[in-house]
1. Compare the Cα positions of 197, 157, 211 along the charge dipole of segment 120-224 (+1 at Cβ of Lys, Arg; -1 at Cβ of Asp, Glu; about the Cα centre) and return the one farthest towards the positive end.
2. What number comes out for accessible area per residue over the chain if the probe is 1.4 Å? Units Å², please.
3. Once both axes come from the Cα atoms, what is the angle between helix 66-76 and the longest principal axis of the chain, in degrees from 0 to 90, rounded to 10?
4. Quick one: of the DSSP bridges fully inside the chain, what percent are antiparallel, nearest 5?
5. Please report, in cubic angstrom per residue, the volume enclosed by the convex hull of the alpha-carbon atoms of the chain.
6. Give the angle, between 0 and 90 degrees and rounded to the nearest 10, that separates the Cα long axis of helix 228-241 from the longest principal axis of the Cα atoms of the chain.
7. Which percent of the accessible area of segment 120-224 is formed by carbon and sulfur heavy atoms (probe 1.4 angstrom)?
8. Filter the chymotrypsin sites (Phe, Trp or Tyr not before Pro) in segment 1-48 to those in DSSP coil with at most 10 other Cβ atoms within 10 Å of their Cβ, and list the result.
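The values are calculated or read from the model by the stated rules, or taken from the named source; none is laboratory data. This structure is a prediction, so every number in the text was calculated from the model and none was measured. Every residue, glycine as well, gets a Cβ built from its backbone with ideal geometry; the counts of neighbours run over all protein chains shown. Keep in mind that these areas ignore ligands, DNA and RNA; they rest on the heavy atoms of the full protein, side chains included. Shrake-Rupley method; radii C 1.70, N 1.55, O 1.52, S 1.80 Å.
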Amino acid sequence: MKQVGFLGCGKIGKTMIRHLKVRADHPIAFVQTPNFKGDINLDCPVVSTFDEDVCKADLVVECATPDVLKQQYQYYLRRSDMLILSLTAFSDDDFANKAYALCEKHGTNIYLAHGAILGLDGIFDARDILNNVTIETVKNPKSLGRSDTDRTVFFNGSTREACQLMPRNVNVHAAIAMAGLGFDKTHSKIISDPNVSTNSHIIKLEGEGFSSTIDVSSFATGGITGKYTPISACGSLDRILGGKTPYQFV
Ligand SMILES: NC(=O)c1ccc[n+]([C@@H]2O[C@H](COP(=O)([O-])OP(=O)(O)OC[C@H]3O[C@@H](n4cnc5c(N)ncnc54)[C@H](O)[C@@H]3O)[C@@H](O)[C@H]2O)c1
């Protein structure tokens, strides 16, 4: 039985908390989130800032923001594994190297949620034979915090720059970069289109002796997160927590 804590309790966090309550085999130890509205029934302590006596768990789910992750990781990785949703934070090498060093020192683990994208395991397996990786994302301007009235290519460059420019919007790009060629060699294109209601991503991969295209669309349901991601995050949690299933994909 693992104690699970939450850093952040928005759309993704609430879905995961409900999922854990239904599973009922791993207790929720705490939730750290400011201005908690009480819009989900919790039996655990809720704190607005890190509290050393309260924020103890075997696994802490980060589902807040990249900035919050960068501010809080050092409190958690000293004694907890972390399941992380805000992957764009890893485009900051200083943060990433410090986080990896903390895990090495304290024997803790970082799990990266695949989030909105599928197939990262296969990309990770192919990373040594990849030559070219591009990602094109199309979102409604509202999902991007923009007000374009026409289809607009507003970013075309490295995934590292994309993550630094739009840290809350390009987690898929960060995930693909971390699985494959890294933040500098992966190419990102971001399009704002007022005529779409989906978040769509086309990923093109070319390597020695193979090529592949991944095309994923998720309906935008307000805010920045599509419908699929909270469900996929529950699957990531299940894989970490374990439990008997008739078969497993490896
Ligand atoms: N990996 C992916 O594919 C993917 C997809 C969608 C979203 N995300 C990322 O997951 C994260 C959560 O997404 P969401 O849709 O649930 O967001 P959300 O806006 O619904 O929730 C964010 C939560 O963070 C909390 N928060 C803000 N400041 C905090 C602080 N100082 N300490 C603790 N908590 C704080 C907020 O109160 C809120 O509960 C975001 O960073 C988002 O970019 C990743």
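1. 197
2. For the chain, the solvent-accessible area averages 50 Å² per residue.
3. Helix 66-76 sits at roughly 40 degrees to that axis.
4. DSSP beta bridges in the chain are roughly 50 percent antiparallel.
5. Enclosed volume per residue, from the Cα hull, is 135 Å³.
6. Tilt of helix 228-241: around 50 degrees.
7. C and S fraction of accessible area: 47 percent.
8. Sites meeting the loop and neighbour criteria: none at all.
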